[in-house]
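Visitor: Input: one structure, supplied below.
The values are calculated or read from the model by the stated rules, or taken from the named source; none is laboratory data. From a predicted model like this one, the values you see are computed outputs, not experimental measurements. Neighbour counts are summed over all protein chains in view; Cβ atoms, including those assigned to glycine, are modelled from backbone coordinates with ideal geometry.
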Amino acid sequence: MDVRISAGASEEEASAIAAALAEHVESEVEVYVGDDEEPTVVQEASVEYEDDLGPTEREQLLREEIEEIERGGPEKYKERLPEQGKLFVRDRLDLWFPDGPLFEDGKFAEFDSEDRLPADGLLTGAAEFEDREVHFMANDFTVKAGSMAGKGVEKFLRMQQRALKSGKPVLYLMDSSGGRIDQQRGFFANREGIGKYYYNHSMLSGRAPQICVLYGPCIAGAAYTPVFADFTVMVEGMSAMAIASPRMVRMVTGEEIDMQELGGPRIHAEHSGSADLVARDEEHARKLVSQLITYLPDKAGEKPPQGEPKPPKRSPEGIDSVVPSEPNRGYDMADVIERVVDRDSYFELKPDYGSEIITAYARIDGRPVGIIANQPNHRAGAIFPDAAEKAAEFIWKSDAYEVPLLYLCDTPGFMAGSGVEKDAILEKGKKMIYATSSATVPKQCVVVRKAYGAGIYAMSGPAYDPESTIALPSGEIGIMGPEAAVNAVYRNKLDDINDAEERAAREAELREEYREDIDVHRMASEVVIDEIVPPSDLREELVNRFAFYEGLEKDLPDKKHGTVL
Ligand SMILES: CC(=O)SCCNC(=O)CCNC(=O)[C@H](O)C(C)(C)COP(=O)(O)OP(=O)(O)OC[C@H]1O[C@@H](n2cnc3c(N)ncnc32)[C@H](O)[C@@H]1OP(=O)(O)O
């Protein structure tokens, strides 16, 4: 109950009144003095029991055992953690779940064994995280470097199997040297052994979001969890993952390399693309995940939560000035995005990998959207193999978790040349086109400027069943750009013109004719696209279109699954 005491009463008087009241009521008493918005005295609820038996010796003993387990591994390993900038695993859980986990499972694992490894070096349970119920696992690096064996493996598997049933998100807080090599019998090749992790990861994939934060050197068996997870965060200077340890690499190849160079955050954020985000420290890692989870539902079939609508950070009126009219001039697509999406909602993933495509979550009028946008500031927005694969994965994940898609197209198309052929541009481009084709969430395609070649296919152009294809007046949609088209078709005829000036004039004329052919006004006139939108109205247009198609259900042809991976 609340008690309001008028201005003039002192805090002592207020306390006395609260205490007197508390003798007569069992509920909490909160006392507000004067116009206070916060209570100055809080009387905890007091419940009187019929008997007053305290904890027994037996219970006391159990509590001591729990304390022993919760102290973790040997002190010498705990002392090393601060040097590495790392938290002890139970302090890490306090950071993630300030009120403690809702419950833990298997705390007594290996308690009765000869080694008595606390919790077998692996904690599992459930918790509330940002008002969501989640399953979690966390390695204790002070116990055999977080290596995983028998009972720890069983706990991990049981947690995943429970997540499969409950359909609640899973947090993997990984810090593990992989399989416990000296205890491999009993967990390595067993049906319910470490190999089953990846079977369960595969079953969970697309069923409930799996989010992994890497804290340590995650090696071999431990390194597949981050790549199976839907989203992975690495921590600067702390985390690394690799298929084999530096010691193993030295033995196999003779290469001398340390863990950071082998698989530190820069390697996976810039080269392999396995890290979605890199955090500065443990606190920052938690913060990133707390933002990320706001764009995701608990499980497949549910919609992601709506946020509070906010105006964009920058004025939508500036869009036309941001996008240059010259088709080959660079600009930062993020400047357009920030004028379209709600303030503080733009959340980019894999920013340093395949950067010619931006993949980001954001909200438009409170509704989560997944954005796939070409970045003209990087490689002129041409799509390279890594970017195509990054976009394909992002589209798949967004579709699996019911996040509608917004494509912002400004690309000269897929990159050409022997380098990209070797890097499988056709194979990886196919994945992006396949992901776009098979996504059944609402899709909106905006032609911001260039949409050349198969770029317009990958970016969900008219043939890809978008709910609409709209364009800014700067848009151009063509099989290729004017320079390339004239060069391809008229080169011989142009070379026949001896006079250089005359040749240049004819070339300019042909380019202009071609440009008229690919102008969005012609495309709109032929209703290839649905609308040309004044740039200042783009946000409003998207608010209306996403709102209208909310809840849209689309079916794919009846089949087991596609064959593109
Ligand atoms: C399928 C698979 O996953 S196979 C597993 C492949 N994993 C590996 O090869 C990793 C082997 N481990 C290492 O390279 C190193 O331990 C690192 C880099 C992970 C960590 O190095 P450090 O922080 O210096 O820890 P350190 O090597 O001192 O190990 C601490 C303790 O954990 C033990 N340990 C570390 N990794 C393992 C492991 N995978 N299996 C069994 N015990 C291990 C060490 O023997 C040591 O035990 P002790 O306290 O009884 O002496």
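Visitor: What are the pairs with Cβ atoms under 8 angstrom where one residue, in region 183-196, is in contact (Cβ under 8 Å) with a residue 12 or more places away in the chain and the other, located anywhere, is within 10 Å of the ligand (Cβ to nearest atom) and of a type in the set (Lys, Arg)? Sequence gap at least six, or different chains.
Guide: Listed pairs, sorted by first residue: Phe187/Arg180.
Visitor: Mind listing whichever residues of region 368-383 are over 14 Å from Gly413 (Cα atoms), among the β-branched types (Val, Ile, Thr) and touching an Asp or Glu at 6+ places or on another chain (Cβ under 9 Å)?
Guide: Listed by number, the list holds a single entry, Ile371.
Visitor: Sort out which residues of region 414-424 are surrounded by 24 or more Cβ atoms within 10 Å (Cβ to Cβ) and small (Gly, Ala, Ser), and write them in order of number.
Guide: Selection gives nothing.
Visitor: Just to be sure I understand, how many residues within region 216-232 are farther than 18 Å from Lys350 by Cα and either in contact (Cβ under 8 Å) with a residue 60 or more places away in the chain or part of a strand (DSSP E or B) (or both)?
Guide: Number satisfying all stated conditions: 6.
Visitor: Kindly evaluate Cys212 against the criterion of being within 22 Å of the chain's Cα centre (by Cα), outside any loop (DSSP other than H, G, I, E, B) and near the ligand (Cβ under 10 Å from one of its atoms).
Guide: no
Visitor: While we're here: I'd like to check which strands (runs of 3 or more DSSP E) are fully inside region 302-406 and have at least 3 residues that are touching a residue at least 40 places away in the same chain (Cβ under 8 Å) and buried (at least 23 other Cβ atoms within 10 Å of the Cβ).
Guide: 357-364, 367-374
Visitor: Going through Ser398, Ser345 one at a time, which residue ends up being among the hydroxyl-bearing types (Ser, Thr, Tyr) and within 30 Å of Met203 (Cα to Cα)?
Guide: Checking each option against the conditions leaves just Ser398.
Visitor: Let me ask another. Sort through Met238, Met203, Met159 and tell me the only one that's at pLDDT below 95 and aliphatic (A, V, I, L, M).
Guide: Exactly one of Met238, Met203, Met159 is at pLDDT below 95 and aliphatic (A, V, I, L, M), namely Met238.
Visitor: Over 21 Å from Ile337 (Cβ atoms) and either at pLDDT 95 or above or under 26 Å from the mean Cα position of the chain (by Cα) (or both) - does that describe any residue in region 480-491?
Guide: Looking for residues that are over 21 Å from Ile337 (Cβ atoms) and either at pLDDT 95 or above or under 26 Å from the mean Cα position of the chain (by Cα) (or both), one finds none in region 480-491, hence no.
Visitor: Moving to a separate point now. Would you check if there is a residue in region 264-285 being buried (at least 17 other Cβ atoms within 10 Å of the Cβ), assigned to a helix (DSSP H, G or I), more than 21 Å from the chain's Cα centre (by Cα) and not assigned by TED's automatic domain parsing to the domain that holds Val369?
Guide: No, region 264-285 has no match at all.
Visitor: Could you tell me whether Val564 is touching a Lys or Arg at 6+ places or on another chain (Cβ under 7 Å), part of a loop (DSSP other than H, G, I, E, B) and within 25 Å of Ile433 (Cβ to Cβ)?
Guide: Against the criterion (touching a Lys or Arg at 6+ places or on another chain (Cβ under 7 Å), part of a loop (DSSP other than H, G, I, E, B) and within 25 Å of Ile433 (Cβ to Cβ)), Val564 qualifies.
Visitor: On to the next question. Can you list residue pairs whose Cβ atoms sit under 9 Å apart, with the first residue in region 100-114 being over 11 Å from Lys151 (Cα atoms) and the second being polar (S, T, N, Q)? Count only pairs 6 or more apart in sequence or on different chains.
Guide: Pairs found: Glu104/Thr124; Asp105/Thr124.
Visitor: Please go through region 235-253 and give me each residue that is within 14 Å of the ligand (Cβ to nearest atom) and surrounded by 21 or more Cβ atoms within 10 Å (Cβ to Cβ), ordered by number.
Guide: Met238, Ser239, Ala240, Met241, Ala242
Visitor: Can I ask one more? In region 442-465, which residues are hydroxyl-bearing (Ser, Thr, Tyr), in contact with a helix residue (DSSP H, G or I) (Cβ under 7 Å, 6 or more places away or on another chain) and closer than 19 Å to Ala380 by Cβ?
Guide: Within region 442-465, Tyr457 is the sole residue that qualifies.
Visitor: Moving on to the next point. Give region 505-561 a look and list any residue that's more than 29 Å from the chain's Cα centre (by Cα), part of a loop (DSSP other than H, G, I, E, B) and within 17 Å of Cys445 (Cβ to Cβ), or say none.
Guide: Glu526, Val527, Val528, Ile529, Asp530, Val533
Visitor: Tell me whether region 465-478 contains one or more residues that are surrounded by fewer than 14 Cβ atoms within 10 Å (Cβ to Cβ) and in a helix (DSSP H, G or I).
Guide: No, the conditions are met nowhere in region 465-478.
Visitor: Run down Ala485, Ala505, Ala435, Ala451 and say which single residue is buried (at least 18 other Cβ atoms within 10 Å of the Cβ) and not assigned by TED's automatic domain parsing to the domain that holds Gly330.
Guide: Ala485
Visitor: Looking at region 338-355, can you tell me whether even one residue there is under 13 Å from the mean Cα position of the chain (by Cα), assigned by TED's automatic domain parsing to the domain that holds Glu326 and among the acidic types (Asp, Glu)?
Guide: yes
Visitor: List the number of the failed condition for Ala416; all other conditions in (1) assigned to a strand (DSSP E or B); (2) free of Cβ contacts under 8 Å to residues at least 40 places away in the same chain hold.
Guide: The single condition Ala416 does not satisfy is (1).
Visitor: What is the number of the single condition among (1) more than 16 Å from the ligand (Cβ to nearest atom); (2) more than 25 Å from Asp386 (Cα to Cα) that Glu256 does not meet?
Guide: Every listed condition holds for Glu256 apart from (1).
Visitor: Based on this model, can you work out whether Ser202 counts as within 16 Å of Glu393 (Cα to Cα) and not hydrophobic (A, V, I, L, M, F, W, C)?
Guide: yes
Visitor: Between a residue in region 233-250 that is within 30 Å of Phe347 (Cα to Cα) and touching a residue at least 12 places away in the same chain (Cβ under 8 Å) and any residue that is of a type in the set (S, T, N, Q) and more than 7 Å from the ligand (Cβ to nearest atom), which pairs come within a Cβ distance under 7 Å, given they are 6 or more apart or on different chains?
Guide: Hits for this filter: Met238/Gln84; Ala240/Gln260.
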